[in-house]
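Everything below concerns the one structure shown next.
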Amino acid sequence: MKKYMKNAIEIAKKGVRKGNSPFGACIVKGKTVIAVAHNTVLKRKDATDHAEINAIHKACKKLRNHELRGCTIYSTTEPCPMCFSAIHWAKIDKIVFGTKIADVKKLGFSELTISAGKMKKLGRSKVKVRGDYMRKKNLELLKMWEKKKGKTY
């Protein structure tokens, strides 16, 4: 499991170096990495280009299916409500995330404070949720971004 989260962290770092926000995602089926993506909201000037959404697009294209049953998504930060909904609709089995929505909200991101757990409960979603995975490494990613000069939200 660690290697998959490390993939998400590394792609997020790559995104930060390119001027994007500090978010990455990796989708795995079995032991095979299907897609890895970072946030491209700033690059593409599209508010929906979150890491999870970008990874879902790539995974669906690769698997030639809109459903990603049997997959797990590793995300550097807890998915926002939009991303959680996309994960639910894609029928991804499990979300594993590092930092919490509250962590990025403290940095100035305009996050809605609805946790993945609350989304799961309110929507009666079957997706399994595991948080705080490799939290320390994911917090380091946020610190890297926080130190970046000229960053944009």
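Values computed for the structure shown
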{"item": "Accessible-area value, GLU10, 1.4 Å probe, nucleic acids and ligands omitted, Å²", "result": "100 Å²"}
{"item": "Range in the chain, longest, excluding exposed trypsin sites (Lys or Arg not before Pro) [loop by DSSP; at most 13 other beta-carbon atoms within 10 Å]", "result": "70-123"}
{"item": "Net dipole in debye of segment 1-134 [+1 Lys, Arg Cβ; -1 Asp, Glu Cβ; about Cα centre; nearest 20]", "result": "380 debye"}
{"item": "Amide H within-cut-off set for THR77, under 5 Å, with H built and near neighbours excluded", "result": "GLY24, GLY98, THR99"}
{"item": "Square roots of five times the Cα gyration tensor eigenvalues for segment 67-117, Å", "result": "22, 11, 7"}
{"item": "0 to 90° range, to nearest 10: angle between helix 51-63 axis and the chain longest Cα axis", "result": "40 degrees"}
{"item": "Centroid-to-centroid separation of segment 108-153 and segment 14-88 [C-alpha atoms, Å]", "result": "13 Å"}
{"item": "Fraction of alpha-carbon pairs over 24 Å apart in the chain - percent", "result": "23 percent"}
{"item": "Per-residue HN-Hα couplings for segment 145-153 [Karplus 6.51, -1.76, 1.60; θ = phi - 60°; Hz; x = Gly/Pro]", "result": "5, 4, 7, 5, 7, x, 6, 10, 9"}
{"item": "Of LEU122, LEU68, LEU142, the one that fluctuates the most in a GNM where the chain has Cα springs shorter than 10 Å", "result": "LEU122"}
{"item": "Neighbour net charge for LEU107 - beta-carbon separation under 10 angstrom, K R +1, D E -1", "result": "+1"}
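The values are calculated or read from the model by the stated rules, or taken from the named source; none is laboratory data. Keep in mind that this is a model prediction, so the values were computed, not measured. Note that we place each Cβ from the backbone using ideal geometry, even for glycine, and neighbour counts take in every protein chain shown. Please note that ligands, DNA and RNA were not included when accessible areas were found on the heavy atoms of the full protein model with its side chains. Shrake-Rupley method; radii C 1.70, N 1.55, O 1.52, S 1.80 Å.
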